[in-house]
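Have a look at the structure below, then the notes.
The values are calculated or read from the model by the stated rules, or taken from the named source; none is laboratory data. The model shown is predicted, which means the values in this text are computed figures rather than measured ones. We place every Cβ from the backbone using ideal geometry, glycine too, and count neighbours over all the protein chains shown. Heads up: the accessible areas ignore ligands, DNA and RNA and are worked out on the full protein's heavy atoms, side chains in. Shrake-Rupley method; radii C 1.70, N 1.55, O 1.52, S 1.80 Å.
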Amino acid sequence: MRYLLRRAGTSLVVILGVVTITFVVSRVVPSDPASLYAGPRARPAQVEQVRQDLKLDDPVLTQYVSYLGDLTRGDLGISFATRRPILGDLRSFLPATLELALLATALSMAIGIPLGVLASSRRGKPKDSVVRLFAVTSVSVPVFWSALILQLFFASKLGWLPLSGRTSSNVEFGEPTGFFVIDSILSGSPSNVWDVVRHLALPVTVMAAYPTGLTVRLIRGSMLEVLGEPYIEAARVGQIPERTILYQLALKNALAPALTILGLTFAYSVSSAFLVEAVFNWPGLGKYLTDAIVRVDFPVITAATLVITVIYVVVNLALDLVHAKIDPRVELS
């Protein structure tokens, strides 16, 4: 419990720090937030009215306290561009990004962990070299380049997969949750499920490339350390099957030190999704944030930054707690 409270307190401090920084940036960087909100053609009287409505005439400390109060109530402000509540926009765009990130993370684990184990068990052999080359390549290739190559080959040349978007124009869901995989399954239509899967294939593959290479390298390095332990040698002397040694004895202990980094790949996928979403015209948080940066929509930029920070902090906290549960030495350190 002490460890939990200590980590939760640290996480709250981080979130409060980001809230403070984003508040200062939103007040300092724009020369006049009221002018940005009112628009370039607004008259001085309209700008002054906006300044009063947004309470920009209040002292900075009063504005900061009011900002914290709005956040505690779930009010992230109003977009300068759309004039809509930002929270409502995030409810529309965030699930699309989370769906990509979750599937990409799952795919990277499903591919990376077995390949890491394979490479460690064949250290110095051709299979190890091939896996290591694959890992370095997947980490090094730029996301936008691999996305364009896959689009050119699978969408334009072969026509197997759609070029962009989340679904075809004729696919609709009654009461969408925002996660189209779930919505398509709930619709009971195999054609809807297949359409969603086809649209997910390319962006998920591109987004999973970097986490897959990272997973392979981490698992391989961690496995090599574990495989050199005396109890592994004892297991081999006892003629325990090699598969049992690798996946039941060694992998369990090798996952613990790599767990934090592997879990953070999910948070990384959320924050780096803007490139993938821009190329595939994916209506997610990354595209929403990119459009806000182009329009200098500071309320959206600060709100999206805060959301990404909270995702990072929550994932990091959860991973630390799981790591402490697996390895009691973490809790006592």
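Being surrounded by fewer than 17 Cβ atoms within 10 Å (Cβ to Cβ), free of Cβ contacts under 8 Å to residues at least 40 places away in the same chain and among the aliphatic types (A, V, I, L, M) is a property that holds for VAL237. Restricting the first residue to the range 138-162 and requiring it to be within 14 Å of VAL279 (Cβ to Cβ) and open to solvent by less than 80 Å² (accessible area, probe 1.4 Å), which pairs with a second residue that is among the hydroxyl-bearing types (Ser, Thr, Tyr) and part of a helix (DSSP H, G or I) meet a Cβ separation below 7 Å and a spacing of at least six or different chains? From the range 138-162, the pairs are LEU150/THR205. Only one of the listed residues (ILE261, ILE232, ILE219) is open to solvent by 30 Å² or more (accessible area, probe 1.4 Å) and among the β-branched types (Val, Ile, Thr). That residue is ILE261.
Within the set LEU255, LEU249, LEU214, the sole residue that is in a helix (DSSP H, G or I) and modelled with pLDDT of 85 or more turns out to be LEU214. Considering only the range 287-298, I want to know if a residue exists there that is surrounded by fewer than 21 Cβ atoms within 10 Å (Cβ to Cβ) and small (Gly, Ala, Ser). Scanning the range 287-298, I find no residue that is surrounded by fewer than 21 Cβ atoms within 10 Å (Cβ to Cβ) and small (Gly, Ala, Ser), so the answer is no.
Looking across the range 76-109, the residues that are of a type in the set (A, V, I, L, M) and touching a Ser or Thr at 6+ places or on another chain (Cβ under 9 Å) come down to LEU76, ILE86, LEU100, ALA101, LEU102, ALA104, LEU107, MET109. Those residues that are within 14 Å of VAL313 (Cα to Cα) and at pLDDT below 75, I need them from the range 5-45; list them, please. Selection gives nothing. Among the residues of the range 302-325, not a single one is out of contact with any Ser or Thr (no Cβ under 8 Å at 6 or more places or on another chain) and not in a helix (DSSP H, G or I).
One line per residue, one yes/no per condition, for (1) over 30 Å from GLY228 (Cβ atoms); (2) within 20 Å of the chain's Cα centre (by Cα); (3) open to solvent by 20 Å² or more (accessible area, probe 1.4 Å):
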position	(1), (2), (3)
ASP89	yes, yes, no
LEU94	yes, yes, yes
ALA101	yes, yes, no
ALA110	no, yes, yes
LEU115	no, no, yes
ALA119	no, no, no
LYS125	no, no, yes
ASP128	no, no, no
LEU133	no, no, yes
